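Visitor: Here it is, the structure in full.
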Amino acid sequence: MAAPARLTPIPTEIVDAFRTVAPAIEDFAREHDLLIERYRRAKSAWELRFARRAGGEAVLTISYRERTGHVLDISVTWWVDDPQQRTRRLRSEKVAVFDRRETPAALRQQLEAGLQLIDRWTTDDLGPPHGPFKAMEAPASPPLPLR
């Protein structure tokens, strides 16, 4: 059996950037029953994940923009997998740019707008199927909160 892969440590400046907005993000996630995944797969981002009643999974991603450091990008993504065809249909959109010099209330409004956008999307908004993929990703464990 191969040794587990080591994840690269998250640089201090990225951790510090998220530390300042963590209370606002955590409160928003708790209020909307979203699972927070911090630095998933060693990315410089936090993801707020959930399963959609319309099918599939969705995520609000808050990403550290490394070139500037004072900016966080907010994007939303929804995808639906077809395990039989081993394909995925998705929709993704950048919805906001948060300047960390702004108030946490501004970040909260941007997250709210992103969540409302996802909630409005229907399967007609998804792109064409991509794939086939050799193996579809196993479902998240524990199960994602359903919205």
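The values are calculated or read from the model by the stated rules, or taken from the named source; none is laboratory data. The shown structure was predicted, so the numbers you read here are calculated from the model rather than taken from an experiment. When we count neighbours, we look across all protein chains shown, and the Cβ atoms used for this are built from the backbone with ideal geometry, even at glycine.
Visitor: In the stretch 96-129, what residues are among the basic types (K, R) and more than 30 Å from Q85 (Cβ to Cβ)?
Guide: R100, R101, R108
Visitor: Another question, then. For the stretch 89-112, how many residues are surrounded by fewer than 17 Cβ atoms within 10 Å (Cβ to Cβ) and either hydrophobic (A, V, I, L, M, F, W, C) or free of Cβ contacts under 8 Å to residues at least 24 places away in the same chain (or both)?
Guide: Total satisfying the criteria: 8.
Visitor: Tell me yes or no: at least one residue of the stretch 6-16 is closer than 18 Å to R100 by Cα and either modelled with pLDDT of 95 or more or of a type in the set (F, W, Y) (or both). Show your work before the answer.
Guide: Let us first name the residues in the stretch 6-16 that are closer than 18 Å to R100 by Cα, namely 11-16.
Imposing the further condition that a residue be either modelled with pLDDT of 95 or more or of a type in the set (F, W, Y) (or both) reduces the set to none.
Checking the stretch 6-16: not a single residue is closer than 18 Å to R100 by Cα and either modelled with pLDDT of 95 or more or of a type in the set (F, W, Y) (or both).
Visitor: Still on this structure: Just a yes or no: is a residue in the stretch 17-33 within 28 Å of A135 (Cβ to Cβ), out of contact with any His (no Cβ under 8 Å at 6 or more places or on another chain) and not aromatic (F, W, Y)? Steps first, please.
Guide: Initially, the stretch 17-33 is screened for residues within 28 Å of A135 (Cβ to Cβ), giving none.
Looking for residues that are within 28 Å of A135 (Cβ to Cβ), out of contact with any His (no Cβ under 8 Å at 6 or more places or on another chain) and not aromatic (F, W, Y), one finds none in the stretch 17-33, hence no.
Visitor: What strands (runs of 3 or more DSSP E) lie completely within the stretch 1-86 and have 1 or more residues being within 25 Å of W121 (Cα to Cα) and of a type in the set (S, T, N, Q)?
Guide: On the way: elements: 35-38, 45-51, 57-64, 71-82.
It comes to 57-64, 71-82.
Visitor: Taking the condition of being in contact with a Phe, Trp or Tyr (Cβ under 6 Å, 6 or more places away or on another chain) and not in a helix (DSSP H, G or I), how many residues in the stretch 100-131 meet it?
Guide: So the count comes out to 1.
Visitor: Being surrounded by 12 or more Cβ atoms within 10 Å (Cβ to Cβ), on the phi > 0 side of the Ramachandran plot and more than 17 Å from the chain's Cα centre (by Cα) is the requirement here; does R86 meet it?
Guide: yes
Visitor: What is the number of the single condition among (1) surrounded by 15 or more Cβ atoms within 10 Å (Cβ to Cβ); (2) modelled with pLDDT of 95 or more that E31 does not meet?
Guide: (1)
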